[in-house]
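Take a look at the structure below.
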Amino acid sequence: MSYKRIISLSLFVLFIVASIVFVQHNHFLYERPIAKVLETELVDKTATENPFGHKDALFTQRLIAEIKNGEEKGRLIHLVNEFSVSKAYDHEFEAGDELFVSIDSENAENGDIHGSIQDVKRDTYLLYVAWVFVLVLLIVGRKQGLFSIISLVINAILLSYALDIYLSNPHWSLLLISSFAVVLFTVISLLLVNGLNEKTYAAIIATLLGTFASLFIAWLVLWLTTEKGLRYEELQFITRPYQVVFLTGLFLGSLGAVMDIAITMSSSIFNMIEKNPKIPVKALIKSGMEIGKDIMGTMTNILFFVYISGSIPILILYFKNGSPLGFALSMNLSLELARALAGGIGIVLTIPIGLYVTIFFIKRKRAGL
């Protein structure tokens with residue numbers, strides 16, 4: 001390992017350690033009081049019955065914590081925490097946990113401060129997960145992994161900016177804003193990861209064609225069927241047209257899978273050309289279709305499991321309380337299944353699109369030689 005690489009690696013490790021230490025001591029950045037749990041005591045266990053008639057248990061904890069910021073910094077605060085067995089909407093706290101709390105100002109002048117728990121401070125855990133993600137990308141992808149991280153950050157900023165534009169201008173079309181965003185997502189991601197070359201250009205064109213084609217087909221099907229079978233209950237609290245919001249989510253959701261298929265097709269075909277520059281076009285098409293068939297099934301299954309997995313807890317709740325299968329699925333999975341189907345359509349369409357767009361660039365390259 002070269003001297004420069006050792007220095008770069010040492011600085012990177014030092015930066016990781018410094019960021020973790022900083023997050024563990026960044027209480028001064030928060031306006032809300034933060035308290036670190038010092039002692040916990042389980043004081044009560046009450047048998048309860050939930051609205052569905054099932055037995056449950058409710059536990060009560062007494063906590064002693066130290067306030068880490070604000071005017072009361074360094075003082076102890078007494079908290080009471082209630083949690084259930086499932087811990088779905090509550091938590092059991094341990095010594096070392098950091099909590100956002102509210103202070104009872106009436107008792108602040110006494111020896112003991114009492115308050116209530118508002119939320120959990122999670123930025124330290126989020127940073128751990130983020131660094132693991134970054135390290136895995138860098139170890140496996142090296143330079144491309146670094147560009148993947150950069151493109152992910154840029155795309156997150158662009159998405160946030162696009163949503164801010166729509167919220168500030170509700171009369172604008174969310175689909176139109178998302179269309180511009182999709183073009184930027186695609187171009188930035190593929191150019192950063194794969195560079196300026198014919199393989200990238202082919203993947204960009206195939207991604208855009210496949211994504212917009214899947215959106216058009218999904219819109220056409222919804223229009224022809226008048227959206228029968230779709231349950232928009234989960235979108236009922238938004239203050240925007242829920243059909244447009246759903247279509248936009250469907251549009252963006254299919255982009256990732258379509259982009260993966262497009263770059264896979266483009267890279268595979270160009271790799272064949274690099275190994276055998278004289279390979280006939282017919283052989284390329286045949287091999288490309290075989291590659292597409294191999295990845296089509298796995299990618300559609302990935303989409304299905306990604307969208308369905310989030311609904312497993314609520315499905316268990318419905319089945320546990322005797323709901324019919326059809327009713328439970330229609331109430332909870334109609335939108336997820338529609339998203340999975342739209343993404344699957346995009347995947348299937350992108351295979352021939354990506355193949356023939358790549359063939360076009362290969363023919364043009366051969367003609368220029």
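Observations on the model:
- Verdict on GLU227 being surrounded by 14 or more Cβ atoms within 10 Å (Cβ to Cβ) and over 27 Å from VAL187 (Cβ atoms): yes
- When region 73-92 is limited to residues that are over 25 Å from HIS27 (Cβ atoms) and of a type in the set (Gly, Ala, Ser), the one that is modelled with the highest pLDDT turns out to be SER84.
- All conditions in (1) of a type outside the set (Phe, Trp, Tyr); (2) under 27 Å from PHE22 (Cβ atoms); (3) modelled with pLDDT under 90 hold for ILE165, with the sole exception of (2).
- Among the residues examined, LYS68 does not qualify as charged (D, E, K, R) and farther than 30 Å from ALA35 by Cα.
The values are calculated or read from the model by the stated rules, or taken from the named source; none is laboratory data. Please read all numbers here as calculations on a predicted model, not as lab measurements. Methodologically, a virtual Cβ is constructed for each residue, glycine included, from the backbone with ideal geometry; neighbour enumeration extends over all protein chains shown.
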